[in-house]
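Structure first, then comments.
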Amino acid sequence: MSPVLSEFERAIGRGLFRVPECTECGAAVWPPSEFCSACLGGVRLGLGYGGGGVSGDGDKRLQGRIVECSMEMPAGRPAAGSVRSSFFCLVAFECGIRLIARLAAPVPPAPGDVVVLSSCGMSPDGAGYVFEVSTPDAPEDPANPANM
Ligand SMILES: [Zn+2]
């Protein structure tokens, strides 16, 4: 495993999404790799984005737009009157990376809708990454009162 990848996975394991960037042309490099896919320059990890609650620089929000989405199953057992489903969305983030992320929302998002990265991590089996996004005007996670 390359140093960039292991560093990336350490960060994402803590809920921090550090965007791999080319040291030559500045392009975001996805998936994380030792070399830029555009110019073969070196890659370093940029500042981290997180959903807050992570010590350090995890307070920044990474914003993106829905490209397309498909419905998954309802998320858990919905409380009365608040049926929220989760959707798998292809999201184009402002840093130039496109990811499949999960969005829990009462209605399907439309292409072009703005979302923010709300959490990220390794999948339970360690075989990949999981990303969740939320709509910026949705109520914040009540377990995370840090956004004052
Ligand atoms: Zn490059």
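First select every other residue whose beta carbon is under 11 angstrom from the beta carbon of residue 102; then total the charges, Lys and Arg +1, Asp and Glu -1.
After counting each charged neighbour, the total is -2.
How much accessible surface does residue 134 have with a 1.4 Å probe, in Å² rounded to 10?
Taking all protein chains as shown, residue 134 has close to 40 Å².
With a 1.4 Å probe and all protein chains left in place, how much of the accessible area of the stretch 3-49 comes from carbon and sulfur atoms, in whole percent?
The value for the stretch 3-49 is 51 percent carbon and sulfur by accessible area.
Given the whole protein assembly as supplied and a 1.4 Å probe, what does the accessible area of residue 129 come to in Å², nearest 10?
60 Å²
The values are calculated or read from the model by the stated rules, or taken from the named source; none is laboratory data. Quick caveat: nothing in here was measured; it's all calculated off a predicted structure. Backbone-built Cβ (ideal geometry, glycine too); neighbour counts: all protein chains shown. Accessible surface areas use protein heavy atoms only, side chains included; no ligands, DNA or RNA. Shrake-Rupley method; radii C 1.70, N 1.55, O 1.52, S 1.80 Å.
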